[in-house]
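One structure is given here, and the rest of the page talks about it.
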Amino acid sequence: MDSRTDHLVRKLRLRHLELLVALSETATMRGAAARLHLSQPALSKMLGEIEACFDARLFERSHQGMQPNALGASAAYRARAVLHELERATEEVAALKSGAVALLRVGAPSVTAAVPAAVAELRRQVPGTVVQIREGRVHELIQRLLAGELDCVFGAVTPELLAADIMPRLEPVLMLEDELHVLTAGALPRPDKGRLRWTDLRDAPWMVPPRDTLVRQAFMTAFLNEAAAPPTPVIEVMSSVTIGALLRADPTLLCAVRREHATDELARGGVHRVEVTPRVPLPSFGLFMRQEDLQRPPVVLAFAEALRRVARPPRPQRLDARKTLEVRRT
């Protein structure tokens with residue numbers, strides 16, 4: 001620990017870190033004072049102590065309130081990470097005191113067949129493990145990972161993510177390939193000759209996700225690659241629960257989903273996969289961890305190994321953010 005860090009450790013208190021986070025989020029002394037249940041004069045004194053510790057101005061005062069400058073934003077971000085790490089320590093100690101062997105906090109999409117299988121495998125290999133699964137979009141989950149709220153995130157390794165500024169702070173490990181699948185609960189369509197192609201299904205009643213999703217873009221690309229206009233869906237829906245219910249309630253529907261979603265629906269029964277050619281790849285799935293972690297908890301490494309065992313080929317490999325991952329953006 002260098003002298004500057006030693007000085008901060010001796011001078012800063014957790015309350016100072018809470019103030020940095022509160023000010024960055026409320027942008028006013030009044031809002032921060034209400035959140036921390038302290039008077040504004042007390043907060044002004046604390047802010048002065050913080051800026052003295054860093055020997056820098058961290059917030060700019062104006063009629064609109066208090067906005068963190070570049071230094072303040074960086075300090076607030078790190079303060080938030082420290083507080084989240086303390087929260088993790090509290091949760092982990094409580095779990096261990098109650099008899100758990102380890103605590104894992106993982107982020108994942110709302111529909112995935114690999115994560116439940118990997119969690120079950122992890123608990124077989126490490127009995128007594130407590131797992132907290134947080135569901136959401138991969139970009140939101142990765143922000144929570146970087147903030148220290150999660151230990152790892154399982155999600156699509158998209159070209160946009162690989163090109164993002166945050167990528168150098170992440171270590172993704174490729175776990176399984178993905179592609180577009182077609183499901184139905186009704187009779188399987190029969191081609192006039194040979195294999196079933198996307199153009200053979202252009203007039204079918206389709207259920208697909210919204211336009212801003214990778215699955216919808218892949219669906220449209222499948223028809224455009226065949227020199228055909230993409231069909232207009234009769235149902236546009238995002239919820240995996242609603243998709244499954246509608247598929248089984250209306251056997252006339254065809255639905256385009258990710259492989260992970262298809263695997264989940266097929267395991268539940270009542271639907272079939274429609275084999276369509278050519279195959280349409282989607283960005284592969286990977287397990288994201290923080291690059292800056294000096295030493296990862298053993299339970300995170302055990303979960304990664306469990307994912308390796310349940311995932312399909314290819315074998316896991318480390319990705320270099322400076323190189324382009326060979327996935328088609330569809």
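The values are calculated or read from the model by the stated rules, or taken from the named source; none is laboratory data. Small disclaimer: the values here were computed from a predicted structure and weren't measured. Every residue, glycine among them, receives a Cβ derived from its backbone with ideal geometry; neighbour counts consider all protein chains shown. Just the protein is used for accessible areas: all its heavy atoms, side chains included, with ligands, DNA and RNA removed. Shrake-Rupley method; radii C 1.70, N 1.55, O 1.52, S 1.80 Å.
Residues in region 117-137 that are assigned to a helix (DSSP H, G or I) and either among the hydroxyl-bearing types (Ser, Thr, Tyr) or at pLDDT below 90 (or both): how many?
In the first step, residues of region 117-137 are kept if they are assigned to a helix (DSSP H, G or I); the result is 117-125.
Those left that are additionally either among the hydroxyl-bearing types (Ser, Thr, Tyr) or at pLDDT below 90 (or both): none.
Result for region 117-137: 0.
Being in contact (Cβ under 8 Å) with a residue 12 or more places away in the chain, surrounded by fewer than 17 Cβ atoms within 10 Å (Cβ to Cβ) and either part of a helix (DSSP H, G or I) or in contact with an Asp or Glu (Cβ under 8 Å, 6 or more places away or on another chain) (or both) is the filter here; which residues of region 98-116 pass it? Ser110 - this is the single residue of region 98-116 that is in contact (Cβ under 8 Å) with a residue 12 or more places away in the chain, surrounded by fewer than 17 Cβ atoms within 10 Å (Cβ to Cβ) and either part of a helix (DSSP H, G or I) or in contact with an Asp or Glu (Cβ under 8 Å, 6 or more places away or on another chain) (or both).
Applying the selection to region 48-78, what residues are out of contact with any Ser or Thr (no Cβ under 6 Å at 6 or more places or on another chain), within 15 Å of Leu14 (Cβ to Cβ) and at pLDDT 85 or above?
Just the residues of region 48-78 that are out of contact with any Ser or Thr (no Cβ under 6 Å at 6 or more places or on another chain), to begin with: 48-64, 66-67, 69-75, 77-78.
From the residues that got through so far, the ones that are within 15 Å of Leu14 (Cβ to Cβ) too are 49-50, 53, 75, 78.
Those that are out of contact with any Ser or Thr (no Cβ under 6 Å at 6 or more places or on another chain), within 15 Å of Leu14 (Cβ to Cβ) and at pLDDT 85 or above: Glu49, Ile50, Cys53, Ala75.
None of Met66, Met46 is open to solvent by less than 60 Å² (accessible area, probe 1.4 Å) and outside any helix (DSSP H, G or I) except Met66.
Looking at this structure, is Asp178 surrounded by 15 or more Cβ atoms within 10 Å (Cβ to Cβ) and assigned to a helix (DSSP H, G or I)?
Working: surrounded by 15 or more Cβ atoms within 10 Å (Cβ to Cβ): yes; assigned to a helix (DSSP H, G or I): no.
So Asp178 fails the test.
Please specify each residue of region 188-210 satisfying the condition of being within 23 Å of Ala245 (Cβ to Cβ) and at pLDDT 90 or above. Listed by number, the residues that qualify are Leu201, Ala204, Pro205, Trp206, Met207, Val208, Pro209, Pro210. Residues in region 235-248: is at least one touching a Ser or Thr at 6+ places or on another chain (Cβ under 6 Å) and in a helix (DSSP H, G or I)? Yes, there is a match, as at least one residue in region 235-248 is touching a Ser or Thr at 6+ places or on another chain (Cβ under 6 Å) and in a helix (DSSP H, G or I).
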